[in-house]
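Asker: Quick one: the structure is below, and I'll ask about it shortly.
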Amino acid sequence: MTVTCRPTLARLAIVALTAACMHHGASRGALEPGTLPPSFYAGGPDCGGAPRFRVHAYNPDFYILRQPACTNYEKPFLYLIFGRDRALLLDSGAGNVDVVTPVDTIVTRWMARHGRTSVNLVVAHSHAHGDHVAGDTLFARRPNTTVVGRDTASVRAFFGIARWPADSGQIDLGGRVLDVLPIPGHQPASIAVYDRRTGVLLTGDTFYPGRLYVRDTAAFATSIDRLTAFASTHPVTHMLGAHVENTSTPSVDYPVGTVDQPAEHALSLGRAELVTLDSVVRMMRGRITRTVLRDVTIWPVAP
Ligand SMILES: [Zn+2]
Ligand SMILES: [Zn+2]
């Protein structure tokens with residue numbers, strides 16, 4: 001059953017006003033800048049030889065990798081962030097492709113620029129679904145690499161999260177602290193990762209331009225609330241998720257399983273879109289139904 005939510009104009013005006021008013025005290029000028037391309041097109045079904053990750057340097061210490069569409073229609077995004085002492089890779093891809101070589105290429109160039117001969121790599125996950133952890137077996141054999149467990153207990157322990165999901169944790173990469181927020185609902189071990197240096201908030205499969213599959217409705221509502229509160233009290237430049245499934249036409253997505261997506265929605269979402277989602281989820285009062293919004297679709301599924 002599909003239910004299209006139609007918030008009243010007055011309600012939308014309040015949402016827009018709320019978004020505009022959620023101004024944070026911190027100066028955006030203090031954040032390290034970066035760039036995003038207009039499109040992260042991941043190609044079609046033909047790999048044209050060896051499949052290649054699309055690699056984009058948001059800035060010299062922050063990389064976005066996208067798995068090629070020809071290797072898995074999910075074509076997830078992976079994020080590689082460098083601190084002075086170690087680097088964090090968030091997610092290891094959907095499998096069926098060599099994910100270590102592109103990461104090694106970036107790491108080798110980074111080390112050359114910094115006169116280093118080694119840098120430790122931490123591989124963690126936005127959540128435990130197969131399209132984000134399948135490369136773990138390859139990274140398990142890589143030197144100087146720690147692969148964080150996928151279950152909630154392992155995530156809690158590694159990031160020092162006292163109470164799950166109420167508390168947040170941290171990881172210090174060396175002069176670069178990342179905040180880790182539990183956001184269960186899509187999957188029990190889902191986390192968001194906030195980079196204080198750039199203001200980028202990585203939101204996994206919980207918030208991205210596509211179908212937000214909700215398995216635990218109560219947990220999801222609380223998590224979207226938590227994300228919204230965080231984004232209202234911290235300078236957030238971009239919210240970057242793990243997929244793009246919407247098209248560039250508002251409220252229109254590519255059908256499930258689409259490989260070739262030449263006219264995708266932009267990867268980045270902002271605070272206004274999150275506030276809208278939070279507002280709609282709140283109005284549902286625990287009875288979450290499939291709802292098409294402009295940039296995302298709320299899509300409850302069986303737990
Ligand atoms: Zn997922
Ligand atoms: Zn996914």
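The values are calculated or read from the model by the stated rules, or taken from the named source; none is laboratory data. Computed from a prediction, not measured in an experiment: that's the story for all the values here. All Cβ positions, even for glycine, are placed from backbone atoms using ideal geometry, and neighbour counts span all protein chains on display.
Asker: Whether any residue in the stretch 217-229 is modelled with pLDDT of 95 or more and within 13 Å of the chain's Cα centre (by Cα) is what I want to check. Explain how you work it out, then say what you get.
Answerer: If we filter the stretch 217-229 for residues that are modelled with pLDDT of 95 or more, which is where we start, we get 217-229.
Those still in the list that are within 13 Å of the chain's Cα centre (by Cα) too: 227.
Scanning the stretch 217-229 turns up at least one residue that is modelled with pLDDT of 95 or more and within 13 Å of the chain's Cα centre (by Cα).
Asker: Still on this structure, please answer the following. Might you let me know whether the stretch 127-136 holds any residue that is charged (D, E, K, R), in a loop (DSSP other than H, G, I, E, B) and over 21 Å from GLY83 (Cα atoms)? Working first, answer last.
Answerer: Step one: filter the stretch 127-136 for residues charged (D, E, K, R), giving 131, 136.
Next, only the ones that are in a loop (DSSP other than H, G, I, E, B) stay: none.
No, the stretch 127-136 contains no residue that is charged (D, E, K, R), in a loop (DSSP other than H, G, I, E, B) and over 21 Å from GLY83 (Cα atoms).
Asker: Can you tell me which residue among ALA134, ALA128 is of a type outside the set (Lys, Arg), surrounded by fewer than 19 Cβ atoms within 10 Å (Cβ to Cβ) and over 23 Å from GLY199 (Cβ atoms)? Step through it out loud before you land on a result.
Answerer: Details: ALA134 fails: surrounded by fewer than 19 Cβ atoms within 10 Å (Cβ to Cβ).
Answer to the selection: ALA128.
Asker: Tell me yes or no: at least one residue of the stretch 48-65 is crowded, with 20+ Cβ neighbours inside 10 Å, within 15 Å of ligand 2 (Cβ to nearest atom) and either closer than 21 Å to ASP195 by Cβ or among the aliphatic types (A, V, I, L, M) (or both). Explain how you work it out, then say what you get.
Answerer: Initial filter on the stretch 48-65 (crowded, with 20+ Cβ neighbours inside 10 Å): 53, 58, 61, 63-65.
Among the residues that remain, those that are also within 15 Å of ligand 2 (Cβ to nearest atom) are: 65.
Narrowing further to those that are either closer than 21 Å to ASP195 by Cβ or among the aliphatic types (A, V, I, L, M) (or both): 65.
Checking the stretch 48-65: at least one residue is crowded, with 20+ Cβ neighbours inside 10 Å, within 15 Å of ligand 2 (Cβ to nearest atom) and either closer than 21 Å to ASP195 by Cβ or among the aliphatic types (A, V, I, L, M) (or both).
Asker: Of the residues in the stretch 228-250, how many are part of a loop (DSSP other than H, G, I, E, B), more than 16 Å from ligand 2 (Cβ to nearest atom) and over 24 Å from SER168 (Cα atoms)? So that I can check it myself, show each step before the final result.
Answerer: Residues of the stretch 228-250 part of a loop (DSSP other than H, G, I, E, B): 234-237, 242-245, 248-250.
If we keep only those that are more than 16 Å from ligand 2 (Cβ to nearest atom) too, we end up with 234-237, 248-250.
Now restrict to residues that are over 24 Å from SER168 (Cα atoms): 248-250.
Adding up the residues that qualify gives 3.
Asker: Still on this model: Among the residues of the stretch 165-185, are any closer than 30 Å to THR249 by Cβ and either assigned to a helix (DSSP H, G or I) or within 16 Å of ligand 2 (Cβ to nearest atom) (or both)? First the steps, then the outcome.
Answerer: If we filter the stretch 165-185 for residues that are closer than 30 Å to THR249 by Cβ, which is where we start, we get 183, 185.
Of the ones still in play, those that are also either assigned to a helix (DSSP H, G or I) or within 16 Å of ligand 2 (Cβ to nearest atom) (or both) are 183, 185.
Yes, the stretch 165-185 has at least one match.
Asker: Return the total of residues in the stretch 119-148 being in contact with a Lys or Arg (Cβ under 7 Å, 6 or more places away or on another chain) and either within 16 Å of ligand 1 (Cβ to nearest atom) or of a type in the set (Ser, Thr, Tyr) (or both).
Answerer: 3
Asker: Mind listing just one residue for me: the one in the stretch 200-215 that is in a strand (DSSP E or B) and within 8 Å of the chain's Cα centre (by Cα) and, of those, nearest to ligand 1 (Cβ to nearest atom)?
Answerer: GLY204
Asker: Considering only the stretch 256-277, I want to know if a residue exists there that is in a helix (DSSP H, G or I) and acidic (Asp, Glu).
Answerer: Here is the first cut: in the stretch 256-277, the residues in a helix (DSSP H, G or I) are 271-277.
Next, from what is left, pick out any that are acidic (Asp, Glu): 273.
Yes, there is a match, as at least one residue in the stretch 256-277 is in a helix (DSSP H, G or I) and acidic (Asp, Glu).
Asker: Now a separate question. Report yes if VAL103 is β-branched (Val, Ile, Thr), in a loop (DSSP other than H, G, I, E, B), more than 17 Å from the chain's Cα centre (by Cα) and buried (at least 21 other Cβ atoms within 10 Å of the Cβ), otherwise no. Can you show your working first?
Answerer: Working: β-branched (Val, Ile, Thr): yes; in a loop (DSSP other than H, G, I, E, B): no; more than 17 Å from the chain's Cα centre (by Cα): yes; buried (at least 21 other Cβ atoms within 10 Å of the Cβ): yes.
When the stated conditions are applied, VAL103 does not pass them.
Asker: Shifting gears a bit: Go through the stretch 151-167 and give me each residue that's surrounded by 18 or more Cβ atoms within 10 Å (Cβ to Cβ) and in contact with a helix residue (DSSP H, G or I) (Cβ under 8 Å, 6 or more places away or on another chain).
Answerer: At the first step, the residues of the stretch 151-167 found to be surrounded by 18 or more Cβ atoms within 10 Å (Cβ to Cβ) are 152, 155-156, 159, 161, 165.
Residues satisfying the conditions are ILE161, PRO165.
Asker: Among residues belonging to the stretch 75-100 that are within 16 Å of ligand 1 (Cβ to nearest atom) and not in a strand (DSSP E or B), point out the one that is surrounded by the fewest Cβ atoms within 10 Å (Cβ to Cβ).
Answerer: Restricting attention to the stretch 75-100, the residues satisfying the condition of being within 16 Å of ligand 1 (Cβ to nearest atom) are 75-79, 90-95.
Subsequent filtering for residues that are not in a strand (DSSP E or B) retains 75-76, 91-95.
Values: LYS75: 29, PRO76: 25, ASP91: 29, SER92: 26, GLY93: 31, ALA94: 22, GLY95: 18.
Residue satisfying both the conditions and the ranking: GLY95.
Asker: Looking at the structure I just gave you, is LEU240 more than 16 Å from ligand 1 (Cβ to nearest atom), touching a strand residue (DSSP E or B) at 6+ places or on another chain (Cβ under 6 Å) and within 30 Å of ASP85 (Cα to Cα)? Don't jump to the end; show me each part of the working.
Answerer: Numbers: more than 16 Å from ligand 1 (Cβ to nearest atom): no; touching a strand residue (DSSP E or B) at 6+ places or on another chain (Cβ under 6 Å): yes; within 30 Å of ASP85 (Cα to Cα): yes.
No: the conditions fail for LEU240.
Asker: Restricted to the stretch 246-269, and to residues that are free of Cβ contacts under 8 Å to residues at least 40 places away in the same chain and within 17 Å of LEU293 (Cα to Cα), which residue is surrounded by the fewest Cβ atoms within 10 Å (Cβ to Cβ)? Break it down stepwise before answering.
Answerer: Filtering the stretch 246-269 down to residues free of Cβ contacts under 8 Å to residues at least 40 places away in the same chain leaves 247-249, 252, 254-255, 263.
Going one step further and asking which of them are within 17 Å of LEU293 (Cα to Cα), we end up with 247-249, 252, 254-255.
Details: THR247: 17, SER248: 14, THR249: 10, VAL252: 13, TYR254: 20, PRO255: 6.
Checking each candidate, the answer is PRO255.
Asker: Cβ-Cβ distance below 7 Å, separation of 6 or more or different chains: which pairs start in the stretch 76-96 with a residue that is in contact (Cβ under 8 Å) with a residue 24 or more places away in the chain and under 19 Å from ALA189 (Cβ atoms) and end on one that is among the charged types (D, E, K, R) and part of a strand (DSSP E or B)?
Answerer: PHE77/ARG66
Asker: Then there is this: State all residues of the stretch 199-222 that are of a type in the set (D, E, K, R) and away from ligand 2 (no atom under 11 Å from the Cβ); if no residue qualifies, say none.
Answerer: Our first condition is that a residue be of a type in the set (D, E, K, R); within the stretch 199-222, this holds for 205, 211, 215-216.
Listed by number, the residues that qualify are ARG215, ASP216.
Asker: Also, I was wondering about something else. Scan the stretch 115-126 for residues that are assigned to a loop (DSSP other than H, G, I, E, B), touching a Ser or Thr at 6+ places or on another chain (Cβ under 8 Å) and not small (Gly, Ala, Ser) and report the count.
Answerer: Of the residues in the stretch 115-126, the ones assigned to a loop (DSSP other than H, G, I, E, B) are 115-119, 125-126.
Filter once more, keeping what is touching a Ser or Thr at 6+ places or on another chain (Cβ under 8 Å): 125-126.
Still in the running and not small (Gly, Ala, Ser): 125.
Residues in the stretch 115-126 being assigned to a loop (DSSP other than H, G, I, E, B), touching a Ser or Thr at 6+ places or on another chain (Cβ under 8 Å) and not small (Gly, Ala, Ser): 1 in total.
Asker: Say whether the condition of being aromatic (Phe, Trp, Tyr) and within 16 Å of ligand 2 (Cβ to nearest atom) is met by at least one residue in the stretch 68-77. Working first, answer last.
Answerer: Going residue by residue through the stretch 68-77, those that are aromatic (Phe, Trp, Tyr) are 73, 77.
Next, only the ones that are within 16 Å of ligand 2 (Cβ to nearest atom) stay: 73, 77.
Checked the stretch 68-77: at least one residue is aromatic (Phe, Trp, Tyr) and within 16 Å of ligand 2 (Cβ to nearest atom).
Asker: Still on this model: Condition check: of a type in the set (D, E, K, R) and more than 18 Å from the chain's Cα centre (by Cα). Does ARG197 satisfy that?
Answerer: Values: of a type in the set (D, E, K, R): yes; more than 18 Å from the chain's Cα centre (by Cα): no.
For ARG197, the condition - of a type in the set (D, E, K, R) and more than 18 Å from the chain's Cα centre (by Cα) - is not met.
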